[in-house]
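Colleague: Sending over a structure as structure tokens; questions will come in a sec.
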Amino acid sequence: MSEISHKWLNGLPKIELHLHIEGTLEPELLFKLAKRNSIQLPFNSVNEVKKAYQFSNLQDFLDIYYQGAEVLLHKQDFYDLTWAYLLMCKQQNVMHIEPFFDPQTHTVRGVPFETIVSGIAEALADGKGKLGITSRLIMCFLRHLSEESAIETLKSSEQFTDVIYGVGLDSAEMGNPPEKFINVFTKAKGMGYKLVAHAGEEGPASYIWSSLDVLNVQRIDHGIRAIDDPDLMLRLIESQMPLTICPLSNVKLRVFDNMASHTILDMLDLGVCVTVNSDDPSYFGGYMTENFLALYDSLELSRDQAISLINNSIDASFAEDSRKKELSNLLQTYISD
Ligand code: HPA
Ligand code: ZN
């Protein structure tokens, strides 16, 4: 039986359910797009950019992340961004992805909704055709903006329901509770969208409760603060409500002091449906393989735990049943070799 190693974790078939496409913008592509679009950056070199990626909290990160996104203007830019992520998925054997995109980050700068969606969706279609990677695209509303703005964004998506599969909620959590978005989530559900929301990253466990009970989400993004609330833990275990956890992100944004104090494997052992994801890999120091490797290095992730985490991701995904079966078979073949 193969032991855990970088090679084994990299080859392990993986599924990514919490990934902001704007957060995959590598410094090299940032410079390339800035040049192509004649945009002045406040950095002079890739090294300078990397040095700037030190964050004290979520807001610190968001400021630099929204600034980086300003180089994205044209359909080709969104295509190139998404394609670069897909190539990384191929390298790391990530077989199914459910990326987020933040339309409001771009529409406020005058980029048409269609430009954003069509660039991303064409790359995802090529990802399936050329690389065999399946996907479900999720549109996130920025929670620091108003619900009216989210509703306007939802309306813009009406012509694209063939390529957008769900809606989510991201950006600054504190002071922007799920209740602020009850109307837009109700409308989105009526349009047939799957529902997810970031909750309990920096915000309290009560935001997880209200994401479940007020917004009616089908997955919680992050959700690590659930561990503070025994009743919520019971609810999550009984309902097998998935949490999309992002270990490297949580340490980079100081949600945990270090990887050794991360609680993801405690939650897994208690029976919570936790999954591993990379969030904003260009900013947080790694993609899927690096997140698994961090759990192995700091928390002694076992082979059985790694396999359970992948099985959870298959269960929690919005892939169709036949694709879930295929993914399970691929996992079985890999672990029995
Ligand atoms: N939290 C909230 N909003 C975000 C994140 C995150 O980790 N990444 C990109 N937008
Ligand atoms: Zn996120």
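The values are calculated or read from the model by the stated rules, or taken from the named source; none is laboratory data. Note that the structure is predicted; figures quoted are calculated from it, not measured. In this analysis, Cβ positions are derived from the backbone assuming ideal geometry, glycine residues included, and neighbour counts consider all displayed protein chains. Quick note on the areas: whole protein, heavy atoms, side chains included, nothing else; ligands and nucleic acids left out. Shrake-Rupley method; radii C 1.70, N 1.55, O 1.52, S 1.80 Å.
Colleague: If a residue has to be open to solvent by less than 10 Å² (accessible area, probe 1.4 Å) and within 17 Å of the chain's Cα centre (by Cα) to count, how many in the range 131-170 make the cut?
Modeller: Total satisfying the criteria: 14.
Colleague: Which ranges mark the helices (runs of 4 or more DSSP H) fully within the range 249-319 that have 2 or more residues being within 16 Å of ligand 1 (Cβ to nearest atom) and crowded, with 22+ Cβ neighbours inside 10 Å?
Modeller: The helices (runs of 4 or more DSSP H) meeting that bar are 281-284, 288-299.
Colleague: Just give me the residues in the range 101-130 being free of Cβ contacts under 8 Å to residues at least 24 places away in the same chain and either assigned to a loop (DSSP other than H, G, I, E, B) or open to solvent by less than 10 Å² (accessible area, probe 1.4 Å) (or both), in sequence order.
Modeller: 108, 110, 112
Colleague: Quick one: which of 40, 76, 67 is away from ligand 2 (no atom under 16 Å from the Cβ), open to solvent by 10 Å² or more (accessible area, probe 1.4 Å) and out of contact with any helix residue (DSSP H, G or I) (no Cβ under 9 Å at 6 or more places or on another chain)?
Modeller: The conditions single out 67.
Colleague: Further, regarding this structure: Would you check if there is a residue in the range 83-90 being within 16 Å of ligand 2 (Cβ to nearest atom), modelled with pLDDT of 95 or more and crowded, with 23+ Cβ neighbours inside 10 Å?
Modeller: Scanning the range 83-90, I find at least one residue that is within 16 Å of ligand 2 (Cβ to nearest atom), modelled with pLDDT of 95 or more and crowded, with 23+ Cβ neighbours inside 10 Å, so the answer is yes.
Colleague: Where the second residue is open to solvent by 10 Å² or more (accessible area, probe 1.4 Å) and not in a helix (DSSP H, G or I) and the first is within 13 Å of ligand 1 (Cβ to nearest atom) and among the charged types (D, E, K, R) and lies in the range 193-212, which pairs have Cβ atoms under 6 Å and are six or more apart or on separate chains?
Modeller: 202/174
Colleague: Among the residues of the range 24-35, is there at least one that is closer than 22 Å to residue 295 by Cβ and either open to solvent by 10 Å² or more (accessible area, probe 1.4 Å) or charged (D, E, K, R) (or both)?
Modeller: So far as the range 24-35 goes, no, none of its residues is closer than 22 Å to residue 295 by Cβ and either open to solvent by 10 Å² or more (accessible area, probe 1.4 Å) or charged (D, E, K, R) (or both).
Colleague: Next question. Give me the residue from the range 9-60 that is within 12 Å of ligand 1 (Cβ to nearest atom) and over 15 Å from the mean Cα position of the chain (by Cα) and, out of that set, nearest to residue 145 (Cα to Cα).
Modeller: 59
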